[in-house]
Amino acid sequence: MSPLPSQRSSRAWVCPIPDEEATAALAKRFAVNLEPPCVIYLRGDLGAGKTLFTRAYVHAKGFKGYVKSPSYGLLETYELTGQTVLHLDLYRIEDPEELQFLAIRDLYRRDSVLMVEWPDRGKGFLPPPDIVLEFGEKDESRFISCHAFSSKGRTLSALIDA
Ligand code: ADP
Ligand code: MG
């Protein structure tokens, strides 16, 4: 998958994801190191593991309930200790202007962690990313690659790669 157009980034690292436990372990590293506010775009095909990653992140932050895919409701919100996770899934959006009624830029506050599946469909109505995670597959094995788009994103990706 090509990088987001008109944005410069460096690929920070690629993490092999052999199974769901590997997703959970990586999400936990994000949970331990991430300071809000932070915007993470999750890119990759259907079934690539974007929702699984977000679910693992929210659980790693101590949430005990069910974390459902926001594919139908667009947005699920989790009030966690010290941060509010806004989990967006724009798969079903046909026009980015449909996002206007959600006023996502107003919802995005100092304590927010915004995780967006299918961010390319919300172009122009989303805050810019600190990190873009690409969920991919090569030779039948999954990987997640991390691209940083801000100094905050670079710091975070370095902490996780360390
Ligand atoms: P997406 O949100 O990217 O469409 P999901 O996170 O809903 O994809 O994943 C769909 C299914 O694929 C999951 O329910 C899980 O069974 C499987 N899956 C996702 N990531 C992995 C993985 N790293 N290893 C094995 N199976 C996975
Ligand atoms: Mg999903």
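Observations on the model:
- Residue selected from segment 35-63 under the condition closer than 20 Å to Asp111 by Cβ and over 12 Å from the mean Cα position of the chain (by Cα), by the criterion surrounded by the fewest Cβ atoms within 10 Å (Cβ to Cβ): Gly62
- Of the set (1) within 13 Å of ligand 2 (Cβ to nearest atom); (2) open to solvent by 40 Å² or more (accessible area, probe 1.4 Å), all apply to Asp89 but (2).
- Scanning segment 106-121 for residues that are touching a Phe, Trp or Tyr at 6+ places or on another chain (Cβ under 9 Å) and surrounded by 18 or more Cβ atoms within 10 Å (Cβ to Cβ) yields Val113, Leu114, Met115, Val116, Glu117, Trp118, Pro119, Arg121.
- Any pair with Cβ under 7 angstrom, 6 or more apart, that starts in segment 51-62 at a residue that is farther than 16 Å from Glu35 by Cα and small (Gly, Ala, Ser) and ends at one that is within 13 Å of ligand 1 (Cβ to nearest atom) and open to solvent by less than 40 Å² (accessible area, probe 1.4 Å): Ala56/Thr23; Ala56/Ala27
- Residue check: Ala31 meets all listed conditions (1) at pLDDT below 95; (2) more than 16 Å from ligand 1 (Cβ to nearest atom); (3) not in a strand (DSSP E or B) but one, namely (1).
The values are calculated or read from the model by the stated rules, or taken from the named source; none is laboratory data. Just so it is clear, the structure is predicted and the values come from calculations on it, not from any experiment. For neighbour counting, all protein chains shown are included, and Cβ atoms are generated from backbone atoms with ideal geometry for every residue, glycine included. These accessible areas exclude ligands, DNA and RNA; they are computed on the full protein's heavy atoms, side chains included. Shrake-Rupley method; radii C 1.70, N 1.55, O 1.52, S 1.80 Å.
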